[in-house]
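**Q** Before I ask anything, let me first share the structure, which is written out below as structure tokens.
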Amino acid sequence: MKKIVTSAGLIALLVVILGADIRRIDSQNTPREAKKRCVGYTIIEYGKGLDCNGDTLKLVRVNGVQVLAENAN
């Protein structure tokens, strides 16, 4: 009886282990996405901001409001 219970437990354990999805996505084979055009930014500190791609932007003060340095002309 012990042998039957032990063998059934081992078979169940093997089914659980083999049923686990261990595949990983290979990052070298996936194409890199082009940066999307984003609108707006988040101010993280005075004079610096982040856009939606995570890039740092330089901000300048114009009429009491911080705007992008390239749009301050």
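**Q** Sequence-distant or interchain residues sharing an amide H contact under 5 Å with VAL62, placed H: which?
**A** Hits under the 5 Å cutoff: VAL67.
**Q** To continue, here is another question. Hey, can you grab everything whose amide H is under 5 Å from the amide H of CYS52? Only 5+ residues off in sequence or another chain; H modelled, so Pro and N-termini drop out.
**A** Answer set, sorted by chain and number: none.
Read-outs throughout are calculated quantities, based only on the coordinates presented, and are distinct from any laboratory measurement. Source: prediction; values computed, not measured.
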